[in-house]
Each structure stands twice: as C-alpha cells, then as structure tokens.
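In what follows, a structure is listed as structure tokens, so that the remarks can point back to it.
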Amino acid sequence: MPRLTLSSLVLSLGLAFLPANSASAQTFEEAAQAYQAGDYTTALAGLREIALGGNADAQLLLGTMLFNGEGVEADYVEGLRWFKSAADAGNPAAAFALASAYRTGAGTARNDAEARRYFERASSGGLVSAKFELANMLAAGQGGSANSDRAVQLFQEAADADHPGALYSMGAIYAAGELKPQDMSRAAIYFRKAAEKGQADAAYNLGLMMVEGTGVEKHPAGALEFFQFAAAEGLAEAQTALAFLYANGTGVEKSEEKAATWFNEAALRGDTLAQTRLARMYYLGKGVEKDLMAAYTWLSIARRSGQDDPELAVLLEPEMTPELLAKAEEALKDWEAATRPQ
C-alpha cells in the first residue's frame, strides 16, 4: 500500500496553524520540538494527551506519526482517524493530509470525491498547495464535475502565491490559448518564474520558446541553461532537447559525444525520439562506437512504441546477421523485463 510521508507537511504547515493563546499550546510546542529533534517517545507522550483534549495541531502531528510509523508501529487507520478529527476541527493542513491520502490511496481506498471535498476545506483555509491540487482535480473532472473557470481561478491564486506548479500551469494555460486567450509572452513569464523555483517542465518549455523565439527573444545559448536544469532533474524531453543542441551545435559548441550521452539518458527513460536518434548514432558511429546490434535494438524499442525511422531501417536491416539479430532479440527481452509495469 502506498506510504504517505507527511513529516515535512507538519513541520512547515502544522505549526503555522497553532492556535494563539491556547492553554495547551506550550505543551504542543514542546512535543513538536521533540518530534523535530527525533525524540519520538517524548513527542508521543505529550501529543496523545493534548490530542485527546481536542487540540487539532496535536491531532495532526499524532496522526502523522502513527501514519508514518515514527516512534510507533505504523497504523494507517488510527493515523487517518486523527487526520479526520483535526480536519473536521478546521485544521487546513490536516484536511490536506487527509485529501492526499484519499487522492493517492495511501493507507485507505482511493476516493477522489473525498479527496476533492477535503482539498476544498484546505483551500478554504488558505492553504496554497490545496488550491493547486483542487485546481488540478477541477480541471480534470476528478471526484466530481469539471469546472475549468474555477480551476483557472485557483491556479491563478496559487500562482500569485508563487506556487511552482501553479506558475507552470498558468504558463501552460496561456500557451495553449483554450481557457485564456493565447499570450505567449505571458506564458514565458510564468514559465520563467516557475523554472526559477525549480519546476523542470517549466524550464523545458521556456527553453523551447527561447530556441524558437516564441514569446521571447530568440536565444538558443540561453535555452541551454534551462534544458540542462530540466535534464538534470530527469525530464526525458529536456534531455532530448539538450542532445539536439549538442548534435547541431545550436547555441553551444557541437559535440557528438555529449549528444549521444543525452540521447542515451532520454532513451533509457522511454523517449522514443531519443531512441531513434541514438540508434542512428550507433549505426553511424557518431559520438559512440559503431554498434549495429545496439542500433537495431534501440530502433526496435522505438518502433514498439510507435516511433520509426524508415530511412535508418532500410540501411540497417540488410547488415544484420543472424547472430546480431539473436543478440538484439535478447537485448529486447531484457528491456521488456526491466520496463514491464510491476
């Protein structure tokens, strides 16, 4: 069953909603400090008493410890019960935790309707992350009817609070031109803000816009930085884009070796265009040692996912001996075994 780790949520949000002038606030603060110090025994001893007394923040932290098995054997049912108690008492962070559990099926059966209901509560309590999650559900019609207008409103509110995902979403909305009039310059502004906050998809999209001069001044050399960041974050599309920059010498010194390296990274992550390009490089011996078996294997992998390179196939297939074909088939079996969903 998926495990939802909520420690960071409690530390960043739970304390922020600590009731002012509460008689038990100091006790909770001590328990929270013990928790942060890793003294779970002390934390639990203090939390149980004040949680039973109705302190929603204590209920949230206690639920987190039970759910994550911190200082006690994990107990999803009891952890979720405390989340619900805190959420029903008006704690936005607890509502978010409960919604996240329902959304992912962590510790309970997945229930999009309940997830949406508790994201609503957390959003109403001012939790920016909840606005973003709720907007996604409203846009996709998950857990209830779709509501694009409200989704855009919530994305905008979260973006105004500098939520990285929401900034990216607003950029995508302005780039698509369906929910808002298309405005590529504004899209670029949002993508840049999101990229500066570590949003890899935004960095990739901004890089594309800079290469093409769409919505921003054309600047391939500047795109390199954004592609490199997104590629380092494991975004296959960015790795492929970076490989093309090196392969073509666009905004960077041409390097077939670096191109092959990044095509390989993207290919391993399932990017079919990278797989066909890597196959070409193996066939031609550019950036890598010439290897017909590897070329045939990568081309076959791409073909099975719907991407083809007919020109390469015409050149490659006549050169494949029975021995090379047998090795390629074994490599394909290994690939399928490694990438088969568990």
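Phi angles across the stretch 302-310 convert, under the Karplus curve 6.51 cos²θ - 1.76 cosθ + 1.60 with θ = phi - 60°, into 3J(HN,Hα) values of 5, 4, 5, 9, x, 9, 10, 9, x Hz, Gly and Pro given as x. The heavy atoms of residue 225 present about 120 square angstrom of accessible area, all protein chains included, probe 1.4 Å. Once the C-beta distance of residue 217 and residue 36 is scaled by a Förster radius of 45 Å, the resulting FRET efficiency is 0.45 to the nearest 0.05. Convex hull volume of the Cα atoms of the stretch 24-122, normalised per residue: 77 Å³.
Using only Cα atoms, what is the ratio of the radius of gyration of the stretch 179-313 to 2.2 N^0.38 Å?
Taking N as the residue count of the stretch 179-313, the ratio is 1.12.
Here the simple spin-label model places points 7 Å from the Cα toward Cβ, and for residue 325 and residue 225 these points are separated by 5.2 nm.
Stretching residue 333 away from residue 160 to a fully extended chain increases their span by 57.4 nm, per 0.36 nm per residue minus the current alpha-carbon distance. From the alpha carbon centroid of the stretch 244-320 to that of the stretch 46-90 is 53 Å.
Quick one: grab the alpha carbon gyration tensor of the stretch 153-222, order the square roots of its eigenvalues as a ≥ b ≥ c, and give me rounded if a/c is under 1.5, else prolate or oblate depending on whether a/b is larger than b/c. It is oblate, given that a/c is not under 1.5 and a/b is not larger than b/c. Between 320, 184, 65, the GNM of the chain built on Cα springs shorter than 10 angstrom shows 320 fluctuating the most. Computed from the C-beta positions of residue 147 and residue 269, the FRET efficiency with R₀ = 30 Å rounds to 0.35.
Give the shape of the stretch 72-130 as rounded, prolate or oblate, defined through the alpha-carbon gyration tensor: a ≥ b ≥ c are the square roots of its eigenvalues, a/c under 1.5 means rounded, and otherwise the shape is prolate if a/b is larger than b/c and oblate if not. Because a/c hits 1.5 or more and a/b fails to exceed b/c, the stretch 72-130 counts as oblate.
Would you mind telling me which residue in 312, 62, 235 has the biggest mean-square fluctuation in a Gaussian network model of the chain, where springs connect alpha carbons within a distance under 10 angstrom? Checking each option, the largest mean-square fluctuation is seen for 312.
Sort the stretch 98-253 into rounded, prolate or oblate with this rule: let a ≥ b ≥ c be the square roots of the eigenvalues of the Cα gyration tensor; rounded if a/c is under 1.5, and if a/c is not under 1.5, prolate when a/b is larger than b/c, oblate otherwise. Verdict is prolate for the stretch 98-253.
Quick one: which of 197/218; 197/258; 131/218; 258/333; 254/333; 218/286 span more than 31 angstrom between C-alpha atoms? The answer is 131/218; 254/333.
Within the listed set 89, 203, 166, the Gaussian network model of the chain (springs between alpha-carbon atoms below 10 Å) gives the highest mean-square fluctuation for 89.
Here the simple spin-label model places points 7 Å from the Cα toward Cβ, and for residue 250 and residue 197 these points are separated by 2.9 nm.
The values are calculated or read from the model by the stated rules, or taken from the named source; none is laboratory data. From a predicted model like this one, the values you see are computed outputs, not experimental measurements. Glycine also receives a Cβ, built like all others from the backbone with ideal geometry; neighbour counts cover every protein chain displayed. Heads up: the accessible areas ignore ligands, DNA and RNA and are worked out on the full protein's heavy atoms, side chains in. Shrake-Rupley method; radii C 1.70, N 1.55, O 1.52, S 1.80 Å.
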